[in-house]
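These notes concern the structure reproduced below.
The values are calculated or read from the model by the stated rules, or taken from the named source; none is laboratory data. Only a predicted model underlies this, so the values are computations on that prediction, with no experimental measurement involved. Every residue, glycine as well, gets a Cβ built from its backbone with ideal geometry; the counts of neighbours run over all protein chains shown.
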Ligand SMILES: Nc1nc2c(c(=O)[nH]1)N[C@H]1C(S)=C(S)[C@@H](COP(=O)(O)O)O[C@H]1N2
Ligand SMILES: [Mo]
């Protein structure tokens, strides 16, 4: 059997998940891939350019900070490193160190550029051989398997590249956001013992899954009624 990172438990299901306040927030465009670039780089839009990059497949495990892990997910998409090297680097004047990630549902997070440049970080547009569903981040999301789920931003809308670290006002309390959130080092939160957060977060999992399921069902009914 595969060994899990510290404090994680294997989950049989891969639920739509996040902070409870995001359960009722949905992406506005799930079919067409298009996101903007900004920050200390001249503004531009990425869409068709992406499909000129080599498609990569990856099997990786997904670790939510609330202690559930889904193993062996089959992603497909583009390597972040290829994307950055081909589409961003040629436009830069300064040295980028910090990236802010923004989503269509209002969710935001950030990572050092060096973490995103790891070989296993993807801009993923497929899971299990089919386009991403709304539940898992359509039309395109970040997959960074070495970082907790909260850095794996869904419904990508905008990437901002900065030469210096920025404060990002996130949907969660600031102590809940570790600047790197590496799973192997159990960087669950920016302060306080990781074992405390294992314990605290694990209580909320079932209820959060239920909230997201309910919200997803309502969203789908709404879409159907508009057909
Ligand atoms: N846009 C967006 N991305 C997000 C979230 C969110 O609410 N909105 N939640 C994060 C959290 S906490 C987790 S664990 C994963 C869950 O991914 P999944 O819904 O595909 O299981 O998405 C992350 N990315
Ligand atoms: Mo999470």
> Among the numbered criteria (1) within 15 Å of ligand 1 (Cβ to nearest atom); (2) at pLDDT below 95; (3) under 20 Å from residue 45 (Cβ atoms), which single criterion is violated by residue 172?
Replying inline: (3)
> For segment 46-82, which residues satisfy the criterion of being over 30 Å from residue 202 (Cβ atoms), free of Cβ contacts under 8 Å to residues at least 60 places away in the same chain and in contact with a strand residue (DSSP E or B) (Cβ under 6 Å, 6 or more places away or on another chain)?
Replying inline: 46, 53, 57, 76, 78, 79
> Among the residues of segment 27-57, which ones are within 25 Å of residue 215 (Cβ to Cβ), surrounded by 16 or more Cβ atoms within 10 Å (Cβ to Cβ) and more than 10 Å from ligand 1 (Cβ to nearest atom)?
Replying inline: 30, 33, 35
> Can you tell me which residues in segment 35-44 are in contact with a strand residue (DSSP E or B) (Cβ under 9 Å, 6 or more places away or on another chain) and over 19 Å from residue 154 (Cβ atoms)?
Replying inline: 38, 39, 40, 41, 43, 44
> Got a sec? Which of 69, 51 is at pLDDT 95 or above and within 18 Å of residue 131 (Cα to Cα)?
Replying inline: 51
> Counting only residues that are away from ligand 2 (no atom under 16 Å from the Cβ) and in contact (Cβ under 8 Å) with a residue 60 or more places away in the chain, how many does segment 107-123 have?
Replying inline: 5
> Any idea how many residues of segment 36-56 are under 17 Å from the mean Cα position of the chain (by Cα) and farther than 22 Å from residue 94 by Cα?
Replying inline: 0
> Given the residues 100, 96, which is the only one that is closer than 25 Å to residue 166 by Cβ, touching a residue at least 60 places away in the same chain (Cβ under 8 Å) and touching a helix residue (DSSP H, G or I) at 6+ places or on another chain (Cβ under 6 Å)?
Replying inline: 96
